[in-house]
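The values are calculated or read from the model by the stated rules, or taken from the named source; none is laboratory data. In this text, all values refer to a predicted model and were calculated from it rather than measured experimentally. Counting neighbours? That spans all protein chains shown, and the Cβs are built from the backbone with ideal geometry, glycine included. These area figures cover heavy atoms from the full protein model, side chains too; ligands, DNA and RNA do not enter into them. Shrake-Rupley method; radii C 1.70, N 1.55, O 1.52, S 1.80 Å.
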Amino acid sequence: MMPLDALMQEWRSRLIQDCPEQSETVRSAILTWLLGKDPQRINEMEPQGLSLFLRGMDYRFRLLRDRYLRESPERAYQRLIRR
């Protein structure tokens, strides 16, 4: 299995576990956002670069989950505007 395929499978499982209240469409959008504009580049990354990329994905997801997904839409929007 290619790194991108494995990564996508792992994150789909994680999103189902961490965000069961979100629809599949929302979880897919989150995964697309986390992977960035050119997810195929992941297959070409060196181990050190891939490790850094994975830490960045995890960090961005934790911010999204803790600051916005666990809040009501109105509160999340207010927090986003204030930032």
Extreme residue, farthest from the chain's Cα centre (by Cα), among residues of the stretch 8-26 that are modelled with pLDDT of 95 or more and crowded, with 17+ Cβ neighbours inside 10 Å: Met8
Per-region count, the stretch 27-54, residues among the charged types (D, E, K, R), farther than 11 Å from Leu4 by Cβ and open to solvent by 60 Å² or more (accessible area, probe 1.4 Å): 2
Any helices (runs of 4 or more DSSP H) falling wholly within the stretch 1-82 and containing at least 2 residues that are among the aromatic types (Phe, Trp, Tyr): 47-64
Single residue of the stretch 1-45 satisfying the filter (out of contact with any Leu (no Cβ under 8 Å at 6 or more places or on another chain) and among the basic types (Lys, Arg)) that is farthest from Tyr59 (Cα to Cα): Arg41
